[in-house]
Amino acid sequence: MELSAQQIADFLGGTVDGNPEVKVSNFSKIEEGQPGTLTFLANPKYEHYIYNTEASIVLVNNDFSPAEQITATLVKVENAYSALAMLLNLVEQSKPKKAGISSAAFIAASATMGEDCFVGNFAYNKNKIENLGGVNRMSDGDFMRQVGSPINSWFVYRTDGFFQSDEEAQAWMDKYAGQDGYPFGLKFKGGDLKYVDTNNDGKITAEDRELYKTKDPVMTFGLNLNGAYKNFDLTLNFTGAANVGFAYTKEAFGEFSGSAGHPSTAWLDSWTPENKGASMPRVAEARKSPSEASVVMSDFWIMNTSYLRLKTAQLGYTFPKSLIEKAGIQSLRIYYSAENLLTFDSMPLNVDPETVSTRLSSYPLSTTHSFGVNVTF
């Protein structure tokens, strides 16, 4: 299979600059429903290039049909992010039509801009369950494994804010509570979560639960920034994840159960008749409210755990040789270094968004500060 440099540039949303060394290799004829391998190779010569850009994409109904695994290297673009966006759009637009072709897509990319200034990486993960041994779906606690849907998807009731009064809650119960399949045994009051009839059958039942987000990040990314001014140097390393949801148990939010309960500060903004724009439901004794996650799991309790973290930072100063050579020292550098210095997220709890423990029983992330000296004699 022959592809021109211009075709590669068009694929990545870039342009061909001069006469880059581009060739096609390791292409195997694909079988029905099976991915082949296509590799583009090039030699970097300019700044503002995308490099080491790899994509495993199921491609259907396009010029590279029916499906190919593509590894593309080195196409010049005006903006590194534009090429990543083009690749993501390609993944989203891929709609498999042939039997046996999975819609699972994974894309990984790295970009650099300038010399020793910016290095980033980006990964996009898209998956779906193909087969469950003859059944369409299979319950797994608060998760539901369903053919055609991503793995580790939460299975929850959908909510539409809080009841703003006891009268509103009672009217809702009058409409739904007497019908077959009504799943709630506790009385609703003002400040409780309002559950939605998602299938529009006029009832609230267990069938109104839906798949909602996954605990696996759809996107992960990293960014390394390096800069220098005179004798100072600075290195920053950022990591992050996006489009991910995680649910925490009552141990994380705390509950109201006498002296044994330790409510988190998130409950300071709980619903009251005077605080109807609150971010948390009404305060209730443990397991006495239909809003509580341990009673009814809903999308309200699936926290958005997307984050951006300054993983490491280092600031250094290298002494001029004129100041140190008389002491027999070739080079002398002092530095300050920090780990896990800053984390940006939208969570209501002060917890590590990367934690995998629903009850926060894992060892907490620590911030460290250190000073050092590099000496060469």
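Computed from the coordinates by the stated procedures, all read-outs in this text should not be read as laboratory data. It should be emphasised that the depicted structure is a prediction, and the values quoted were computed from it without experimental measurement. Heads up, the Cβs are rebuilt from the backbone with ideal geometry, glycines too, and the neighbour counts pull from every protein chain shown.
With the cut-off at 22 Å, tell me which of the pairs 194/250; 128/250; 250/288; 187/215; 189/213 have Cα atoms farther apart than that.
Flagged as over cut-off: 128/250; 187/215; 189/213.
Can you give me the long-range amide H partners of residue 255? Hydrogens built in the peptide plane at 1.01 Å from N, cutoff under 5 Å, separation of 5 or more residues or another chain.
Residues meeting the criterion, in which the H sits 1.01 Å from N, are 262.
Starting from the amide H of residue 247, placed 1.01 Å from N in the peptide plane, find each other amide H under 5 Å away whose residue is 5 or more places distant or on another chain.
Amide H neighbours of residue 247: 303.
To the nearest 20 debye, what charge dipole does the range 129-185 have about its Cα centre, counting +1 at the Cβ of each Lys and Arg and -1 at the Cβ of each Asp and Glu?
360
Enumerate the amide H contacts of residue 282 below 5 Å, restricted to partners 5 or more residues apart or on another chain; note that Pro and chain-start residues carry no placed amide H.
Amide H neighbours of residue 282, under 5 Å, 5+ apart: 192, 271.
Residue by residue through the range 188-195, what is 3J(HN,Hα) from phi via Karplus (6.51 cos²θ - 1.76 cosθ + 1.60, θ = phi - 60°)? Round to whole Hz and write x for glycine and proline.
Using θ = phi - 60°, the values come out as 8, 9, x, x, 7, 5, 9, 8 Hz.
Could you give each residue of the range 363-377 its phi-based ³J(HN,Hα) in whole Hz, using Karplus coefficients 6.51, -1.76, 1.60 with θ = phi - 60°, and x for Gly or Pro?
5, x, 5, 10, 9, 10, 10, 8, 10, x, 9, 10, 10, 10, 9
Loop only by DSSP, 15 or fewer other Cβ within 10 Å of the Cβ. Give me the trypsin sites (Lys or Arg not before Pro) in the range 268-377 that pass, ordered by residue number.
276, 287, 288, 359
Using just the alpha carbons, could you tell me how many Å³ per residue the convex hull of the range 112-234 encloses?
In the range 112-234, the Cα convex hull volume per residue is 204 Å³.
If you plug each phi of the range 285-299 into the Karplus form 6.51 cos²θ - 1.76 cosθ + 1.60 with θ = phi - 60°, what whole-Hz ³J(HN,Hα) values come out, in order, with x for Gly and Pro?
4, 3, 6, 10, 10, x, 8, 5, 4, 6, 9, 9, 7, 10, 5
Can you give the convex hull volume per residue for the Cα atoms of the range 256-356, as a whole number of Å³?
In the range 256-356, the Cα convex hull volume per residue is 199 Å³.
Multiply the residue gap between residue 334 and residue 350 by 0.36 nm, knock off their C-alpha separation, and tell me the result in nm, one decimal place.
Stretched out fully, the residue 334 to residue 350 stretch lengthens by 2.4 nm.
Could you work out how far the C-alpha centroid of the range 143-203 sits from that of the range 287-312, in angstrom?
After rounding, the separation between the Cα centres reads 17 Å.
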